[in-house]
Structure formats: structure tokens, C-alpha cells
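The values are calculated or read from the model by the stated rules, or taken from the named source; none is laboratory data. Given the structure is predicted, the values throughout are model-derived calculations rather than measurements. Methodologically, a virtual Cβ is constructed for each residue, glycine included, from the backbone with ideal geometry; neighbour enumeration extends over all protein chains shown. The protein model used for the area step is the full one, side chains on, heavy atoms only, and it has no ligands, DNA or RNA in it. Shrake-Rupley method; radii C 1.70, N 1.55, O 1.52, S 1.80 Å.
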Amino acid sequence: MINKKVSNVKEALHDIKDGQTIMLGGFGLCGIPENSIAELVEMNVKELTCISNNAGVDDFGLGLLLQKRQIKKMISSYVGENAEFERQMLSGELEVELTPQGTLAEKCRAAQAGIPAFFTPAGYGTEVAEGKEVREFNGKMHIMEEAYKADFAIVKAWKGDEAGNLIFKGTSRNFNSCMAGAAKITIAEVEELVPAGTLDPNQIHIPGIFVKRIFQGEKYEKRIEQRTVRQRQ
């Protein structure tokens, strides 16, 4: 069995270069690869194209890369809670490709499955459909969407083994599960890394064949974007 384990985040991300396209898992701040994002900031790689549901918040997640102008283009489904993302988009400093959320997920999954393109009704008749092939299926118009082409996919899992098998916890499964294996190289950071054979095969969400490198992260903050609690009586 191939051992996918690397010693730390620096070794895992050592060959990421300026101008590359990177998928990053997570939804809001839930399930984001915190260690890898911090390392990308430290590496100071620039001109990146990032594919992610959104771009974190101003001072956390992908917002840290936006602050340092390391991202050239964001491919996402919404601006979210990131005022700097909104400012750069409206000023023209940042190229933004807004994509329907379901389409974004399916473009990742198609890349994961080796499917070059698919048809969807989402976005027909809007700016999303401009320049794309349109076909009618069962009396409904659809547009053709191509699978993403990314150099790296960086995902975060709760637990993984040295063979690259991954288990997600709760809603952190989100975009991580469809991005794993959807790029030339998939890097997984996990909260707990165990020897191969330790995980129950029935609990594994992503098989190790999709993962090229895996490492154990540390010091996860797991911030919450909008904390809502019940008012005390």
C-alpha cells in the first residue's frame, strides 16, 4: 500500500507556484484547510486562481490571501461575509467568476469523475449562459458547463490514514468531498492521522486513490462566521 503521508504542510505544498489554479474545500469557514491557507500566505505565491464556494472573511480563510493580493481570480458562488472580496470585485482589482452553487459543486464532481462536461438548466437566460452551448432536453433549455481544470485541490478532513483515506465530520464534508481527486494533485490536511488499516472501511467517505499527499494539521481555530444563540430568559 502506498504511503501518502508527508511530514508537514511545508512539504505538502512545496511545489505550488505562481499562476496556478487551486481548489480549496470548505463552506464559509466550515471545513476550510486552515493550515494550508496559512502556508500559502507564508509562501507568498501570487496570481492564483482559486476555486472555492466563497472566500472566507476579511481576516481568516481565503480572506488572508485576498488581503495580500495573492489571488488574481476567484471562482465562487457568492461573496459571503468578506467585505474585502466585495471591494476588490467592485473596483475591478479582482477577476470574479460567480457560479450557481450547485453548478460549482457539479463542475468539481465532474472533474473528479473524469467527465469533461455536462448540461444543466441552472443559469439559462442569464449572464451565466453567455458564450455557452445551449440544448433542449425534455422541453427544457440547458447550458453546457465544463469540468474544472485545477493544478491542486486542497481539502480538510476530520480523520485520515497514511493511505489517504478520508473521513469528514458533519457539515465540513461540504465541498471537500467533491474536490478530492478533482485536480492533478490532491492534498489533504486532517485533524487526526492514523496508520493504514485503522479506519473502518464502511466509514470512509473518500478513498485514498484520490489523494496524493496527506498530513496532520494543528491548532485549528474553527471560527464561526455568524454565531447565533438563543436569548436567555
Problem - Given charges at beta-carbon only (K, R positive; D, E negative), |dipole| of the range 75-230 in Debye - result: 460 debye
Problem - Burial ranking of peptide ranges 131-139, 74-82, 193-201 (average Cβ count within 10 Å, highest at the top) - result: 74-82, 193-201, 131-139
Fill in the blank from the handout: Here the cysteines of the chain without any disulfide-compatible Cβ partner under 4.7 Å are 30, 50
Handout entry: Where the chain is the region considered: accessible area per residue in Å², 1.4 Å probe
Key = 51 Å²
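With both bridge residues required to lie in the chain, what share of the DSSP beta bridges run antiparallel, to the nearest 5%?
Details: 13 of 41 bridges.
Approximately 30 percent, going by the DSSP bridge assignments.
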Practice task
Calculate, for residue 141 and residue 68, the FRET efficiency according to 1/(1 + (r/R0)^6) with r their C-beta to C-beta distance and R0 45 Å; round to the nearest 0.05.
Solution key: 0.60
Fill in the blank from the handout: When the chain is treated as a Gaussian network with springs between alpha carbons less than 10 Å apart, the largest mean-square fluctuation among 12, 83, 163 is found at 83
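Can you give the extra length, in nm with one decimal, that the chain gains between residue 222 and residue 90 once fully stretched, where that is 0.36 nm per residue apart less the Cα-Cα distance? Write down the numbers at each step before the final one.
On the way: separation 132, 0.36 × 132 = 47.52 nm, distance 2.90 nm.
Going from the current span to full extension adds 44.6 nm.
With r as the distance between the Cβ atoms of residue 2 and residue 101 and R0 = 25 Å, compute the FRET efficiency 1/(1 + (r/R0)^6) and round to 0.05.
Numbers: r = 34 Å, r/R0 = 1.37.
For residue 101 and residue 2, the calculated efficiency is 0.15.
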Exercise for the section: Identify which of 115, 22, 32 has the largest mean-square fluctuation in a Gaussian network model of the chain, with springs joining Cα atoms closer than 10 Å. Expected result: 115
Problem - Share of carbon and sulfur in the accessible heavy-atom surface of the chain [1.4 Å probe, %] - result: 48 percent
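Determine the percent antiparallel among the DSSP beta bridges restricted to the range 22-104, to the nearest 5. Write down the numbers at each step before the final one.
Numbers: 2 of 12 bridges.
Antiparallel bridges make up about 15 percent of those DSSP assigns within the range 22-104.
Taking the mean number of other Cβ atoms within 10 Å as a proxy for protection, how do you rank 184-191, 37-44, 1-8 from highest to lowest? Don't jump to the answer; show the numbers that get you there.
On the way: 184-191: 22.0, 37-44: 17.1, 1-8: 14.6.
Ranking, from highest mean packing down: 184-191, 37-44, 1-8.
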Completion exercise
Taking only the alpha-carbon atoms of the chain, the convex hull volume per residue, in cubic angstrom, is 171 Å³
Completion exercise
Rounded to the nearest Å, the spacing of the alpha-carbon centers of the range 69-125 and the range 181-220 is 25 Å
Exercise for the section: Return the single residue from 213, 69, 87 with maximal mean-square fluctuation; model: Gaussian network over the chain, springs between Cα atoms under 10 Å. Expected result: 87
Practice task
Cross-chain or 8 or more residues apart, Cα under 26 Å: how many lysine pairs in the range 147-228 fit that? Count them up, please.
Solution key: 18
